[in-house]
Amino acid sequence: MHIQSFFDQATFTVTYVVADRATNACAIIDPVLNFDAASGRTSFASADAVIAYVQGQGLHVAWILETHAHADHLSAGAHLKSILGGKLAIGAHIVDVQKIFAKVFNLKDSFRSDGSQFDTLFEDGATFNIGKLNGRVMHTPGHTPACLTYLIEDAAFVGDTLFMPDYGTARADFPGGDARTLYRSMRQILALPEETRIFTCHDYKAPGRTEIAWESTVGEQRRSNIHVRDAIGEDEFVAMRNARDKTLDVPHLILPSIQVNIRAGALPTPEDNGVSYLKLPVNAL
């Protein structure tokens, strides 16, 4: 197994290409569609870097895997699938997220809240293959109802659930989120063997650290994660998380991101003038 990382500076997002060198099959995890909120323009620099790598290495895409419907960046899943192929997958509880935000954005009958925008909806415990590599799905909600961890051989791709040990854990105040559920999900991840590698979806660089980082181990997280190390119990975590979340700003791309990401990375259907429009609900969040 070879893991190649791509860091998007604008959104602090890490996209991964996980490849089986024996067969040249690969999976792309959490790809980024670049979006300028001021102009409403999309671009493909981050996705094009992934495409160039996949094609340059002679890889063929088996899966495009989303850990959840992100609130901090737009997904390039649909764009990558149109060029590289592969099955686009997310957790089965995406339907819960779709139903929540269909109400927030007042989406009409043309939007289906059944997950059918994706090729595969993974249930907890589902298995999949990337060539000869074995993958297993862990449903790890709390940040959102649909969050997944993808365990591929000895590597766990945890999305936003855990960050680097010196930065802590995901927020739990988005619609459908819950701090107690998040704690229990993280304990599932931290029950994996201590040598299991953990790959996070973001790094915001903790104070005092100069380098971007996104890889740790279960053992490192259990010993030193500032929010959820072994010495911190469930009630203590819930109190901390709920208090901290009240101080956090709303992610500046949450409204465009969610509208695109619940559509599997596709823009809303163009209107009669050929333009796609993203809604801006006032006082809804």
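Would you say Glu194 is among the acidic types (Asp, Glu), free of Cβ contacts under 8 Å to residues at least 24 places away in the same chain and farther than 29 Å from Ala284 by Cβ? No. Only one of the numbered conditions (1) buried (at least 19 other Cβ atoms within 10 Å of the Cβ); (2) assigned to a helix (DSSP H, G or I); (3) touching a Ser or Thr at 6+ places or on another chain (Cβ under 7 Å) is not met by Gln221, and that is (3).
If we only count strands (runs of 3 or more DSSP E) wholly inside the range 43-149, which ones have 1 or more residues that are touching a helix residue (DSSP H, G or I) at 6+ places or on another chain (Cβ under 8 Å) and buried (at least 19 other Cβ atoms within 10 Å of the Cβ)? Walk me through how you get there before you give the answer.
On the way: elements: 60-65, 87-91, 120-122, 127-130, 133-139.
Correct list: 60-65, 87-91, 133-139.
So which of Thr200, Thr161 ends up being surrounded by 15 or more Cβ atoms within 10 Å (Cβ to Cβ), in contact with a helix residue (DSSP H, G or I) (Cβ under 7 Å, 6 or more places away or on another chain) and either without any contact (Cβ under 8 Å) to a residue 40 or more places away in the chain or of a type in the set (Val, Ile, Thr) (or both)? Outline the logic, then answer.
Details: Thr200 fails: in contact with a helix residue (DSSP H, G or I) (Cβ under 7 Å, 6 or more places away or on another chain).
Selected residue: Thr161, the only one of Thr200, Thr161 that is surrounded by 15 or more Cβ atoms within 10 Å (Cβ to Cβ), in contact with a helix residue (DSSP H, G or I) (Cβ under 7 Å, 6 or more places away or on another chain) and either without any contact (Cβ under 8 Å) to a residue 40 or more places away in the chain or of a type in the set (Val, Ile, Thr) (or both).
Quick check, is Lys103 over 19 Å from Ala156 (Cα atoms) and without any contact (Cβ under 8 Å) to a residue 24 or more places away in the chain? Let's see the steps before the verdict.
Details: over 19 Å from Ala156 (Cα atoms): yes; without any contact (Cβ under 8 Å) to a residue 24 or more places away in the chain: yes.
Yes, satisfied.
When the residues of the range 234-283 are filtered to those that are of a type in the set (Ser, Thr, Tyr) and part of a loop (DSSP other than H, G, I, E, B), which remaining residue is nearest to Ser116 (Cα to Cα)? Restricting to residues being of a type in the set (Ser, Thr, Tyr) and part of a loop (DSSP other than H, G, I, E, B), the top hit is Thr269.
Taking every residue in the range 14-29 that is over 16 Å from Asp154 (Cα atoms) and pairing it with any residue that is surrounded by fewer than 20 Cβ atoms within 10 Å (Cβ to Cβ) and hydroxyl-bearing (Ser, Thr, Tyr), at least 6 positions away or on another chain, the pairs with Cβ-Cβ distances below 7 Å are Val14/Ser5. In this structure, Leu182 does not qualify as in contact (Cβ under 8 Å) with a residue 40 or more places away in the chain and in a loop (DSSP other than H, G, I, E, B). Please give the number of the condition Gly176 fails out of (1) part of a loop (DSSP other than H, G, I, E, B); (2) touching a Ser or Thr at 6+ places or on another chain (Cβ under 7 Å); (3) closer than 20 Å to Asp8 by Cα. Here Gly176 meets the rest and fails (3).
Could we say that Leu192 is assigned to a helix (DSSP H, G or I) and of a type in the set (A, V, I, L, M) here? Steps first, please.
On the way: assigned to a helix (DSSP H, G or I): no; of a type in the set (A, V, I, L, M): yes.
For Leu192, the condition - assigned to a helix (DSSP H, G or I) and of a type in the set (A, V, I, L, M) - is not met.
All of the numbers you see were taken from the coordinates with simple rules; none came from a lab. Note that the structure is a prediction, hence the values are computed from the model and not measured. Note that each Cβ is placed from the backbone with ideal geometry, even for glycine, and that neighbours are counted across all protein chains shown.
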